[in-house]
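Working notes for the structure below.
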């Protein structure tokens, strides 16, 4: 039997190698887009980010209200934190600790406002409203829950030392817990940790009110202070490590004071010739 040459054989359903590479590249790109920054066990170096300008990105809040961050910080300073609504880890606990610390520090609405920004492009304004409702602040206009574009999220993260890494096995983001105080668009303080210490936030609010709070950063700490926070007492205690650091310099100053002011030798008495013995 002769084959009909006009009938074409069916095409193979096997994917071409070039197409396979292209699909894998797209998948890798999509995966890479879900992460930003370099994961670290250390908090951001506050010295590097303080006084840097936060990008004025567009955000969207409930009821599809679109605005820019500058609309908020032009009216009042703000506290900014980044979360994602599907978080099975620290996000909810961190927000609860922030709410408790804010309640303790007071001044919300009068001295500052709070922006909770999602870094997950999947989140919607409805998702963020659900978080606000679960936190009990949905009706408080001074708590602003917002989303932004993927590009906007990356701009804010880069300017604030924030990172997020997608874990495909857990289907979760790994990320730090961070709240930043922003005044007129610039970072003035940063707090990092699994919760927000009330005493620390009180200091931050004092700075937002224009009062000077002395601090300076050292490696491994968000802020190094003469008084360290004691979570058991919810207060600061004297840092003995700092005293030991200052001990050599203090000892030198005291030695100089003692040598030149306290330990001067008495001048020799003048010679009295009348008291001399004549032999």
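The values are calculated or read from the model by the stated rules, or taken from the named source; none is laboratory data. Predicted model only: the values in this text are computed from it and were never measured. We place every Cβ from the backbone using ideal geometry, glycine too, and count neighbours over all the protein chains shown.
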Could you tell me whether segment 174-184 includes any residue that is over 15 Å from the mean Cα position of the chain (by Cα), over 19 Å from residue 90 (Cα atoms), outside any strand (DSSP E or B) and in contact (Cβ under 8 Å) with a residue 24 or more places away in the chain? yes
Search result, residues across segment 158-173 that are surrounded by fewer than 17 Cβ atoms within 10 Å (Cβ to Cβ) and not in a strand (DSSP E or B): 158, 168, 169, 170, 171
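Do you know which residues across segment 109-124 are closer than 22 Å to residue 175 by Cα and in contact with a strand residue (DSSP E or B) (Cβ under 6 Å, 6 or more places away or on another chain)? Spell out how you get there, then give the answer.
As a first pass, look at segment 109-124 and keep what is closer than 22 Å to residue 175 by Cα: 114-124.
Within segment 109-124, 114, 115, 116, 117, 118, 119, 123 qualify.
Which members of segment 109-118 meet the condition of being surrounded by 15 or more Cβ atoms within 10 Å (Cβ to Cβ) and free of Cβ contacts under 8 Å to residues at least 60 places away in the same chain? Break it down stepwise before answering.
Filtering segment 109-118 for residues surrounded by 15 or more Cβ atoms within 10 Å (Cβ to Cβ) gives 111-118.
Scanning segment 109-118 gives 113, 114, 115, 116, 117, 118.
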Is it the case that some residue within segment 19-26 is at pLDDT below 55 and touching a strand residue (DSSP E or B) at 6+ places or on another chain (Cβ under 8 Å)? no
Looking at segment 126-140, is at least one residue buried (at least 21 other Cβ atoms within 10 Å of the Cβ) and closer than 21 Å to residue 189 by Cα? no
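I'd like to know if segment 149-157 contains one or more residues that are assigned to a strand (DSSP E or B), surrounded by 19 or more Cβ atoms within 10 Å (Cβ to Cβ) and in contact with a strand residue (DSSP E or B) (Cβ under 7 Å, 6 or more places away or on another chain). Step through it out loud before you land on a result.
Just the residues of segment 149-157 that are assigned to a strand (DSSP E or B), to begin with: none.
There is no residue in segment 149-157 that is assigned to a strand (DSSP E or B), surrounded by 19 or more Cβ atoms within 10 Å (Cβ to Cβ) and in contact with a strand residue (DSSP E or B) (Cβ under 7 Å, 6 or more places away or on another chain).
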Criterion first (assigned to a strand (DSSP E or B), more than 24 Å from residue 38 (Cβ to Cβ), touching a strand residue (DSSP E or B) at 6+ places or on another chain (Cβ under 9 Å) and touching a residue at least 12 places away in the same chain (Cβ under 8 Å)) does residue 137 satisfy it? no
If residue 91 meets every condition in (1) surrounded by fewer than 16 Cβ atoms within 10 Å (Cβ to Cβ); (2) under 17 Å from the mean Cα position of the chain (by Cα) apart from one, which number is that one? (1)
Just a yes or no: is a residue in segment 119-127 touching a helix residue (DSSP H, G or I) at 6+ places or on another chain (Cβ under 8 Å) and closer than 22 Å to residue 201 by Cα? no
